[in-house]
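Trainee: Here it is, the structure, as structure tokens.
Coordinate-derived values only; no laboratory data. The structure presented is a predicted model; accordingly, all values stated were derived computationally and were not measured. Positions of Cβ are generated from backbone atoms using ideal geometry, with glycine treated the same way; all protein chains shown enter the neighbour counts.
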Amino acid sequence: MYSRRRTPRGVKLAALFVIALSTYLALGPASRAQSDVYTRWVNLFNPAKSFDHPATIVVDGNGNTYATGTICTDSPCAHSESLVIKYDVNGNIVWKGYLAGPAQGSESFANGLKIGLDAQDNVYVLSVLSPNSTGTDIALAKFNSAGVRQWVDFIGSTGTTGVIPGTLAVAPDGNTYTSYGSYNTSTSSDVCNAYLLKRDTTGKQIWSHEVNPTTSDCDSIPFIGVDGAENVYALFLDFFSSQIHNSEIIKYNSAGSEVASFSGNGLGTITAFRVDANGNSYVAGGGAPAPPNGVEDPIVAKFNTSGTQDWYYDFGPPPASSFPLVSGFVDLALDPAGDMFVAWTRQLTGGGSDISILKFSSTGTREWTSSYNGRPSSSPGSDQAVAIDVNSAGYSYITGASADPSRSCCFDQIVTIKYDPNGTTLWVERYSRPGLDTGTPAAIAISGGDLIVTGQTFDGTVSSTTGSAWTTIDYVQDAAKVSPTSLSFGNQALHTQSAAQTVTLKNTAETRLEITGIDVTGDFQVKNGCPATLAAGASCTFAVTFTPSATGARTGTVTVHDNWSGSVSDPQTVKLTGTGTSTS
């Protein structure tokens with residue numbers, strides 16, 4: 001054991017409040033890096049020409065997107081409101097829902113923090129009201145699918161008690177789980193306690209727990225996960241001091257009874273957390289703090305539903321120069337096979353940082369790391385990873401803030417990158433507005449075959465008083481992928497048919513692919529073995545043969561047509577070559 005040095009209460013609360021809010025206030029056509037991704041629509045929302053920014057998004061099964069965040073009602077911004085927006089499949093705003101905080105003198109503030117959907121597409125939004133005053137309140141509001149607010153419940157500060165917002169999880173049946181912190185404002189004590197609260201779909205409180213009550217530390221629950229049986233997993237953080245942080249996972253059943261608590265080889269500052277439908281928990285962040293200063297090794301780990309540690313990957317001690325340690329892990333995602341994809345801001349030895357993805361197999365094997373930087377390796381930018389998602393076929397998408405390669409320094413743009421299951425870059429999209437624009441993403445989500453990215457952007461062609469726009473982008477791509485993309489048949493006797501060569505056609509999206517035709521040109525023939533509809537993630541094959549009608553070099557192309565918009569202008573193709581020879 002080693003002695004632990006305490007931090008004054010005000011420092012702890014300020015740090016926790018920054019942690020709580022930083023997640024939520026985070027940080028025209030896009031240019032195409034490759035021809036298989038397109039900007040389907042962009043919606044810029046900034047009615048007061050002030051400081052507007054989304055926090056997170058969620059999508060339903062019908063192609064609709066829901067975002068929450070902050071909207072200013074004046075410029076400069078002295079009054080802000082929590083906002084939730086529903087977009088349809090074409091990016092049109094279907095409805096907006098607002099929640100305002102109480103006035104504090106000439107100002108009032110409210111911020112949308114977290115959002116969730118139930119199986120009926122009811123929308124639940126967690127907000128904080130007046131976060132810059134001592135009168136902070138936390139609000140949970142429910143809207144039906146038409147945007148009508150059903151109820152709003154508050155967790156309020158009092159004359160002697162302050163509250164700190166936590167997070168939100170929504171079960172398919174509409175039960176909600178929220179976390180928050182509470183502290184005594186009338187004393188100089190450095191104690192703050194963490195609470196976990198369950199409400200039913202009507203907003204009625206079912207149970208509430210003070211988690212691991214303390215008389216000395218400052219605690220919080222930054223993450224909540226829910227499995228398929230509606231067991232609840234709270235990632236509990238004990239903020240003992242500015243240097244000593246310890247975490248554990250606490251599991252409750254739906255009735256609120258504690259089932260297990262676990263931390264394996266030790267958890268410190270966890271920055272990414274997920275629970276799958278089977279109740280497996282996945283974490284990324286810092287390991288157990290080590291003496292004397294609480295340095296944490298970057299770690300990634302998996303625990304099964306009983307709390308047993310399945311695997312624990314320790315990256316080893318960080319360089320002394322990097323203290324205090326920040327692991328750089330910002331988000332994680334899972335594919336159906338249980339593989340884990342971690343979004344990572346990777347610090348570079350010579351300065352700057354990359355947007356990186358780490359892939360781990362379901363058994364904890366580190367399979368690959370892929371990185372991106374918007375600037376040349378000789379002068380890298382300080383690119384920052386923000387969020388990650390992965391589809392059922394193991395294709396991963398990451399978004400982040402990336403230094404503009406056309407400028408010397410310090411102007412970030414929203415960048416989104418797609419990787420195949422082996423970590424090969426498939427495309428890179430940088431979103432830019434006219435002029436000296438800047439932008440930072442907040443969240444990412446896969447919606448069928450579309451990829452939705454939201455964040456805030458600034459238009460550099462107009463006065464800075466226009467502030468930032470709430471920006472939501474829909475990228476669409478051709479889900480069809482052919483392999484190989486070229487075939488060579490070599491020499492073939494005139495008017496005779498070659499042996500067949502096979503092409504595989506794969507649907508890389510989360511929704512079905514309608515194959516509307518497979519055409520071929522030149523002295524080549526196709527025997528189509530593919531169905532009219534290819535299920536999500538499925539593959540089929542077709543055969544190609546060569547029958548030269550003349551001697552010499554012969555060329556042709558197989559073209560695959562499908563129902564995706566990307567297929568219209570840039571369909572998937574296979575280049576064909578062969579040489580006709582005289583008969584002997």
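Trainee: Which far-off residues, 5 or more places away or on another chain, put their amide H under 5 Å from the one on ASP478, with H placed in the peptide plane?
Mentor: Under 5 Å from the amide H of ASP478: GLY566.
Trainee: Then there's this: Semi-axes of the equivalent ellipsoid for the chain, please: Cα gyration tensor eigenvalues, times 5, square-rooted, ordered largest first, whole Å.
Mentor: 47, 27, 24
Trainee: Which distance in Å, rounded to a whole number, links the C-alpha centroids of the range 470-489 and the range 155-223?
Mentor: 45
Trainee: Mind checking the full-extension length gain between SER379 and VAL152? Use 0.36 nm per residue of separation minus the Cα-Cα distance, one decimal, nm.
Mentor: Gain on extension, SER379 to VAL152, equals 76.7 nm.
Trainee: Explain nothing, just compute: Karplus ³J(HN,Hα) = 6.51 cos²θ - 1.76 cosθ + 1.60, θ = phi - 60°, for every residue of the range 420-427 in order, whole Hz, x for Gly and Pro.
Mentor: Going residue by residue, I get 7, x, 9, x, 7, 5, 9, 7 Hz, with x marking Gly and Pro.
Trainee: Further question: For TRP344, TRP470, which order do you get if you count the other beta carbons within 10 Å of each Cβ and list the fewest first?
Mentor: TRP470, TRP344
Trainee: Please compute the length gained on full extension between ASN293 and THR161, using 0.36 nm multiplied by the number of residues separating them and subtracting their Cα-Cα distance.
Mentor: 44.4 nm
Trainee: Oh, and also: How much length is gained if the chain between ASN422 and ASN278 is pulled fully straight, taking 0.36 nm per residue apart and subtracting their Cα-Cα distance, in nm to one decimal?
Mentor: Here the segment from ASN422 to ASN278 would lengthen by 49.3 nm.
Trainee: Continuing with the same structure: Points 7 angstrom from Cα along the Cβ direction at SER539 and THR363: gap in nanometres?
Mentor: About 2.2 nm, to one decimal.
Trainee: Determine ³J(HN,Hα), in whole Hz, for all residues of the range 546-563 in sequence, where each value follows from phi through the Karplus function 6.51 cos²θ - 1.76 cosθ + 1.60 and θ = phi - 60°; x replaces Gly and Pro.
Mentor: Using θ = phi - 60°, the values come out as 10, 10, x, 9, 8, 7, x, 5, 10, 10, x, 9, 9, 10, 9, 10, 9, 8 Hz.
Trainee: Can you list residues from other chains, or at least 5 along the same chain, whose modelled amide H is less than 5 Å from the amide H of ALA509?
Mentor: GLY537
Trainee: Classify the range 438-584 from the C-alpha gyration tensor, please: rounded if a/c falls under 1.5, else prolate or oblate depending on whether a/b exceeds b/c.
Mentor: Because a/c hits 1.5 or more and a/b exceeds b/c, the range 438-584 counts as prolate.
Trainee: Tell me the label-point distance for the pair ALA500, SER483, using the 7 Å Cα-to-Cβ offset, in nm and rounded to one decimal.
Mentor: Taking the two extended label points, one gets 2.1 nm.
Trainee: If Lys and Arg each add +1 and Asp and Glu each add -1, what is the summed charge of the other residues whose beta carbon sits under 13 Å from the beta carbon of VAL170?
Mentor: -2
Trainee: Further, regarding this structure: How do SER353, SER75, SER377 rank when sorted from fewest to most other Cβ atoms within 10 Å of their own Cβ?
Mentor: In order of increasing Cβ crowding within 10 Å: SER377, SER75, SER353.
Trainee: Along the charge dipole of the chain, which of GLN572, PRO54, PHE273 sits closest to the positive end, that is, farthest toward it, with unit charges on the beta carbon of Lys, Arg, Asp and Glu (+1, +1, -1, -1)?
Mentor: GLN572
Trainee: Among residues other than GLU81 whose Cβ falls under 14 Å from its Cβ, what is the net charge (Lys/Arg +1, Asp/Glu -1)?
Mentor: -2
Trainee: Also, I was wondering about something else. Any chance you could tell me what percent of the C-alpha pair distances in the range 205-332 go past 25 Å?
Mentor: So the portion of pairs separated by more than 25 Å is 24 percent.
Trainee: Are there trypsin sites (Lys or Arg not before Pro) in the range 111-215 that DSSP marks as loop and that have at most 13 other Cβ atoms within 10 Å, and which are they?
Mentor: Sparse-neighbourhood loop trypsin sites (Lys or Arg not before Pro): LYS204.
Trainee: Another question about this same structure. Please compute the net charge surrounding GLY439, taking Lys and Arg as +1 and Asp and Glu as -1 over other residues with Cβ under 14 Å from its Cβ.
Mentor: Net charge in that neighbourhood comes out at -4.
Trainee: Another question, then. With r defined as the distance between the Cβ atoms of SER75 and ASN491 and R0 fixed at 60 Å, what FRET efficiency is calculated, to the nearest 0.05?
Mentor: 0.25
Trainee: To continue, here is another question. Hey, can you grab everything whose amide H is under 5 Å from the amide H of TRP95? Only 5+ residues off in sequence or another chain; H modelled, so Pro and N-termini drop out.
Mentor: When sequence neighbours closer than 5 places are left aside, the close amide H contacts are LYS86.
Trainee: Rounded to whole Hz and in sequence order, give me ³J(HN,Hα) for the range 511-525 from the Karplus expression 6.51 cos²θ - 1.76 cosθ + 1.60, θ = phi - 60°, writing x for Gly and Pro.
Mentor: In residue order, the calculated couplings are 9, 5, 10, 8, 8, 8, x, 10, 9, 9, 10, x, 8, 10, 10 Hz.
Trainee: Hey, got the dipole for the chain? About the Cα centre, +1 on K and R Cβ, -1 on D and E Cβ, debye to the nearest 20?
Mentor: Computed about the Cα centre, the dipole is about 540 debye.
Trainee: For a footprinting-style exposure proxy, rank TYR282, TYR313 by other Cβ within 10 Å, fewest first.
Mentor: TYR313, TYR282
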